[in-house]
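Asker: Shown below is the structure under consideration.
The values are calculated or read from the model by the stated rules, or taken from the named source; none is laboratory data. Since this is a predicted model, take the numbers as computed values, not measurements. Here Cβ is always computed from backbone atoms with ideal geometry, including for glycine, and neighbour counts include all displayed protein chains. Just the protein is used for accessible areas: all its heavy atoms, side chains included, with ligands, DNA and RNA removed. Shrake-Rupley method; radii C 1.70, N 1.55, O 1.52, S 1.80 Å.
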Amino acid sequence: CEMHVMLLSCLALVLLMPGPGFTAPTFIPEEYLQQYYNLKAEPLGRMKRSGSSFTSKVKDMQIFFGLNVSGVLDTETLEVMNSPRCGVPDVDEYSHIQGTRWNKNVITYSIGRYTRDLPRSTVDSLIESAFSVWARASSLTFVKSRTHNADIMVEFVTYGHGDFYPFDGPRGTLAHAFGPGLGIGGDTHFDDDEHWTAGETGFNLFVVAAHEFGHALGLKHSRNPDSLMYPTYKSSRSGNLLSREDVANINALYSKTSCRINAPLM
Ligand SMILES: [Zn+2]
Ligand SMILES: [Zn+2]
C-alpha cells in the first residue's frame, strides 16, 4: 500500500514537472481543492493524495468538469486545475452567508479602484456592457452611482485586499464576486496582476466582468461549458455570451412575476 502511495506521488510529481512547451503550473492541487471544492486542511498541514477526503474531492471536481472520474490527478485533471478561472467555489459555500437575490430590480454600481491596463473610459464602457448582458436577459436595470455604498462595488486589487480571499498574482484566480447582500454583498473584485484588455490578448475584461456580475446577482457556477457561468476562462466567446441555461437561471431569480410578489422593491 505504501508502495502504491509512493508511486502515486511520483506520478503526480512527474506530471507537475514542466516539460517542453508546457508552462509550470501556478497552482497546488491541495490548495485548488480547498479553495473551490471545500477540502478541509489537515491539522498538521499534511495531506495524503491517496487519502479518502482528497480522492473524493478530486472526484467532485472531475464530475463538475465532466472529466474521467478516477479520483487521481491525471493530466486532464491537472490541465483544468491549471486553467485561469473565477475565484468563486464550484460547490456551495456562500449560500448560508449571502442572500440569493436582490429584493429590487434597480441595482446600483460604482467603480472604486481602476486598473492601469486600460483607459478609465474603456473600463467604464466594458463594465457597462457587461451589466447590459444581464439587463437584456432579465427585468433588471443597472444604474451607475458615484457613491461608495452602491450595491455592487467594482474594484481592481492585488493579493490580500481585506476580504479573506487574497488574489494570487498572474493567472490562477482572475476575479471573484460576492452574492447579493448588504456591505460586501454584490462586490466584485478583479485581480490587477492580470493583463486586462478589451480584445483577445490577456484577459478580456468584458467577458470576465459579465461572468462575475452573474455571481453578484446570485448565480452559481454552471457545469455547462457553453454557459457564461462556467468557472474557467474562455478567450473566444462569440455571438451570444449567455447560454439558454444562463437566461433561464437569471429569470428564475428575477422574473417579472417574482418582483410583483416581493413588493416593496426599493
Ligand atoms: Zn465564477
Ligand atoms: Zn476580494
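Asker: If I model a spin label at Ala41 and Val143 as a point 7 Å from the Cα along the Cα→Cβ vector, what separation in nanometres do I get?
Answerer: Placing both labels 7 Å beyond Cα along the Cβ direction yields 4.3 nm.
Asker: Taking amide hydrogens as modeled 1.01 Å from N in the peptide plane, which residues meet the under 5 Å criterion relative to Ala175, leaving out close sequence neighbours?
Answerer: Gly87, Asp191
Asker: For the pair Asn240/Ser121, report the inter-label distance in nm, with labels modelled 7 Å from Cα in the Cβ direction.
Answerer: Placing both labels 7 Å along Cα→Cβ, they lie 3.4 nm apart.
Asker: Could I ask something else about it? Work out, step by step, the length gained on full extension between Thr55 and Thr232: first 0.36 nm times the residue separation, then minus their alpha carbon distance; give nm to one decimal.
Answerer: Numbers: separation 177, 0.36 × 177 = 63.72 nm, distance 2.17 nm.
Gain on extension, Thr55 to Thr232, equals 61.6 nm.
Asker: Within the accessible area of the range 106-261, what % is carbon and sulfur when the probe is 1.4 Å and the other protein chains stay in place?
Answerer: On the way: 3750 of 7190 Å².
That share works out to 52 percent.
Asker: Report Rg/Rh for the range 106-261, rounded to two decimals, where Rg is the Cα radius of gyration and Rh the Kirkwood radius. Display every interim value, and only then the final one.
Answerer: Numbers: Rg = 14.8 Å, Rh = 15.8 Å.
Here Rg/Rh amounts to 0.94.
Asker: Report the label-to-label distance for Ser132 and Thr158 in nanometres (one decimal), using points 7 Å from each Cα along the Cα→Cβ vector.
Answerer: If labels sit at Ser132 and Thr158, their model points lie 3.2 nm apart.
Asker: Okay, next question. Determine the alpha carbon to alpha carbon distance for each of Lys104/Lys144; Lys48/Lys234; Lys57/Lys220 and list only those over 21 Å.
Answerer: Values: Lys104/Lys144 16 Å; Lys48/Lys234 32 Å; Lys57/Lys220 19 Å.
Pairs exceeding the cut-off: Lys48/Lys234.
Asker: Something else about it: With all protein chains present and a 1.4 Å probe, how do Val58, Val80, Val69 order by accessible area, largest first?
Answerer: Val69, Val80, Val58
Asker: How high is the FRET efficiency from Ile63 to Thr100, r the C-beta distance, R0 22 Å, rounded to 0.05? Show your work: numbers first, answer last.
Answerer: Working: r = 24 Å, r/R0 = 1.08.
Computed FRET efficiency for Ile63 and Thr100 comes out at 0.40.
Asker: Same structure, new question: Whole-Hz ³J(HN,Hα) for each residue in the range 168-178, computed from phi via Karplus 6.51 cos²θ - 1.76 cosθ + 1.60 with θ = phi - 60°, x for glycine and proline: what do you get?
Answerer: After applying 6.51 cos²θ - 1.76 cosθ + 1.60, I find 10, x, x, 6, x, 6, 9, 5, 8, 9, 9 Hz.
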